[in-house]
Every structure is written in C-alpha cells, then in structure tokens.
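Q: The structure's right below; bear with me while I get my questions together.
Rule-based calculations on the coordinates, nothing more; no lab input. The model shown is predicted, which means the values in this text are computed figures rather than measured ones. Here the Cβ positions follow ideal geometry from the backbone for every residue, glycine too, while neighbour counts run over all protein chains shown.
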C-alpha cells in the first residue's frame, strides 16, 4: 500500500471492471481517460474473477482517471460491486497503490485487493513474454461474480 496526501482521482482495475468485461457497465460515471497501466502484485485466476494480492510481479490493468466530483459516487458503486464494506469478512479491500502507465508515469490510484485467504484451486497467473500478468477471462457471467 502507498500513503498519499494528494487527492486520488484514479482507479486501477485488472479484472471484471475493465472495458469489455462483464462488470464494465457498472461504472456510474464516464472517465476523463482510460489507459493501460501496471502495478506490483500477484494475480490469481479464481474462475469467474481474478484476485490481486501482494507480490512482486507486474500486473497489467487499466487506469481510469475520473473528475474529482465523480469520484465519491464511483467509489460508492464500485465498493458495492467489489464487496467492500470495510468489514473483516469483505471479499476485497480498497487500497491505494502505486501504478505505472504505458508512458512510464508513476501515480497513486485506488484498487481492490483480495481480502480473504486464496481458495483451494486458485491458480497463479504467470508473467507473459513481456513480463506482465494479465487476467484474460472474458467468459464469466455477471451473476457468477460475487
């Protein structure tokens, strides 16, 4: 996790909230920009959705930049979608991370890290030939995702 004193207006997503994925329609506000980015972690395939946990691999995703006035509503909706209520049994925890854009800019962003022990059968997604881990499951139905 990263400590940041500046307002954070970006959200890093790596799974079902990316464009073209089953939960992309849940974004309540239009972004100012969406660009490829990566963060450090370990990425696991849980079947219908991925899990980002602490680690040292480069995990590929999208960095969504939002207008400051759109951030509170966006976080409220995405917290519900990702099962984050700031409770011990949450599925994901919203945290601030450091991520790097395709142009090399380093920035702070919110993301959702898996908050529970990984289930049996979770498979680690290894880095590809570019050294990036990416979740590529485009077949999950929205009702399959918690």
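Q: Using a cut-off of under 17 Å, list every residue of segment 6-26 whose amide N is near the label point 7 Å from the Cα of residue 65 along the Cα-to-beta-carbon line.
A: 6-13
Q: Would you kindly calculate the mean projected area, averaged across all directions, of the convex hull enclosing the Cα atoms of the chain, in square nanometres?
A: Reported value for the Cα convex hull: 8.6 nm².
Q: For labels at residue 124 and residue 89 in the simple 7 Å Cα→Cβ model, what's the distance in nm?
A: For the pair residue 124/residue 89, the computed spacing is 3.1 nm.
Q: Could I ask something else about it? How much of the DSSP beta bridge set in segment 10-120 is antiparallel, as a percent to the nearest 5?
A: In segment 10-120, approximately 95 percent of DSSP beta bridges are antiparallel ones.
Q: Calculated from DSSP H runs of 4 or more alone, at -39500 (n - 2.57) each and per residue, what is the 222 nm mean residue ellipticity of the chain, nearest 500?
A: That calculation yields -2500 deg cm²/dmol at 222 nm.
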